[in-house]
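Computed from the coordinates by the stated procedures, all read-outs in this text should not be read as laboratory data. Because the structure is predicted, anything quoted here is derived from the model rather than measured. Here the Cβ positions follow ideal geometry from the backbone for every residue, glycine too, while neighbour counts run over all protein chains shown.
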Amino acid sequence: MQALILTLILTGSALMVANIVFYILFITKMNDVVSGGRKKDQVLLFTGLTLLVFFLIGYLIIGFSKPDDLVMALVLFFGSVFVTIMLVLTKTLISTAKERSLQIAQVLIDVVDARDPNLHGHSRHVQNLTMCLYRHLPKQLKSKINPTSLEYASLMHDVGKLGVPESILNKPGKLDEEEWKVMKNHPKIGVHFLNRVSSFQKISDWVLYHHERADGKGYYGAAPEITPLAAKIIAVCDTYSAITMKRSYKEARSHEEAIAIIKEAAGTQLDPTIVDIFTSIPKEELLSCAPEGLGVC
Ligand SMILES: [Fe+2]
């Protein structure tokens, strides 16, 4: 009996320590555009952590001061199991909510793409390529970017095209100077939309600067030091997608041609470090980023 009580108390204590570690890892990841940002949420999360620590201290005091009490050992053990279940359930619910939220954003972006036949599937393609590139980033670059926020920024990089008239989006020939001015405004319009959701303000610069260049001659002439890393990543993926997609005014180019063009653009249009990483990704991986129905060769 004594051995059973001791096992229950020790297992329960270990489970509570694991719960606290799990909870700390969980709340440190709650800083993306979907789940982070609000002060009152942070206060609640911190309160939860404090309560868990108090639970553990109380557990140890009661558990080891009553080493003969089987009922108390059972209550403490199942208390820890209950906390584990609640934490797993909370994490699952938040993951599901994040997934749904991304799906809603994808529907919105499909509407943006549908206004321009040339953009069919482009935003999702850029999203997939960006997340593929993110997985290949070295640790020190990876740690600078929240992956959930990056996924949203890459998916929504062209959301501002909702504010560009269809006559310009669908113009078969080249745009004149005035039309270009309107088209070049789409990152700013996108930021205007995104800023309506306070947590999305974190990624507004990632969208704003996605047409900036390594030589500072992009849409708004931002220097590379100002351009966020995420915007440089999106720019490379956007370029690859644009080259490999068929458009009304051009044929789709092959993967090999796209890689050659991107390498050529390193240091002038595109960030050379990001180009190096992108072009080292195996061909099959990049090809698998094409959404269904998008002809990428
Ligand atoms: Fe764009």
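Between the amide H of Gly218 and those of Arg213, distances stay under 5 Å, these residues lying 5 or more places away or on another chain, with hydrogens modeled in the peptide plane. For region 198-229, trypsin sites (Lys or Arg not before Pro) are listed when DSSP marks them as loop and at most 16 other Cβ atoms sit within 10 Å of their Cβ; the list is Lys217. Region 2-97 gives an Rg/Rh value of 1.07, both radii derived from C-alpha positions and Rh following Kirkwood. For region 177-247 versus region 69-114, the spacing of their alpha-carbon centroids is 34 Å. Shown here for region 185-262: chymotrypsin sites (Phe, Trp or Tyr not before Pro) in loop regions (DSSP other than H, G, I, E, B) with at most 16 other Cβ atoms within 10 Å, namely Tyr220, Tyr249. Spin-label pair Val197-Thr92: with each label point 7 Å from Cα along the Cα-Cβ axis, the two points sit 2.5 nm from one another. Phi-derived couplings, Karplus 6.51 cos²θ - 1.76 cosθ + 1.60 at θ = phi - 60°, listed residue by residue for region 187-192: x, 5, 5, x, 4, 4 Hz, with x used for Gly and Pro.
Residues whose amide H lies under 5 Å from that of Arg247, counting only those 5 or more places away or on a different chain, are Ala252; hydrogens are built 1.01 Å from N in the peptide plane. Please list, by residue number, everything in region 140-177 whose backbone N is under 15 Å from a paramagnetic label point 7 Å out along Cα→Cβ of Tyr220. Flagged as within label range: 157-161.
A quarter of the convex hull surface defined by the alpha-carbon atoms of the chain gives 18.6 nm² as the mean projection.
Here the relative contact order of region 224-297, from alpha carbon pairs under 8 Å that lie six or more residues apart, stands at 36 percent. Mean separation of Cα pairs under 8 Å and 6 or more residues apart, divided by the residue count, gives region 1-126 a relative contact order of 36 percent. Rounded to the nearest Hz, the phi-derived 3J(HN,Hα) couplings of region 222-228 under the Karplus curve 6.51 cos²θ - 1.76 cosθ + 1.60 (θ = phi - 60°) are 6, 6, x, 5, 7, 5, x, where x marks glycine and proline.
How much length, in nm to one decimal, is gained on full extension between Leu4 and Ser167, taken as 0.36 nm per residue of separation minus their Cα-Cα distance?
Using 0.36 nm per residue and subtracting the Cα-Cα distance, I get 51.0 nm.
Counted by neighbouring Cβ atoms within 10 Å, the residues Ser154, Ser149 run from fewest to most as Ser149, Ser154.
Hey, fewest Cβ within 10 Å first, where do Arg124, Arg247, Arg135 land in order?
Least crowded to most crowded, the residues run Arg135, Arg247, Arg124.
Between Thr279 and Ile57, the distance separating the two model label sites (each 7 Å from Cα on the Cα→Cβ line) works out to 5.8 nm. Computed over the chain, the per-residue total of -39500 (n - 2.57) for DSSP H runs of n ≥ 4 gives a 222 nm mean residue ellipticity of -21000 deg cm²/dmol, rounded to 500. For region 203-214, 3J(HN,Hα) computed residue by residue from phi via the Karplus equation (6.51, -1.76, 1.60; θ = phi - 60°) reads 10, 5, 5, 5, 7, 4, 9, 6, 10, 7, 10, 5 Hz, glycine and proline entered as x.
Of all stretches in the chain that contain no GluC sites (Glu not before Pro) in a DSSP loop with at most 14 other Cβ atoms within 10 Å, the longest one is 1-224.
Among Cys289, Cys237, sorting on how many other beta-carbon atoms sit within 10 Å of each Cβ, with the fewest leading, yields Cys289, Cys237.
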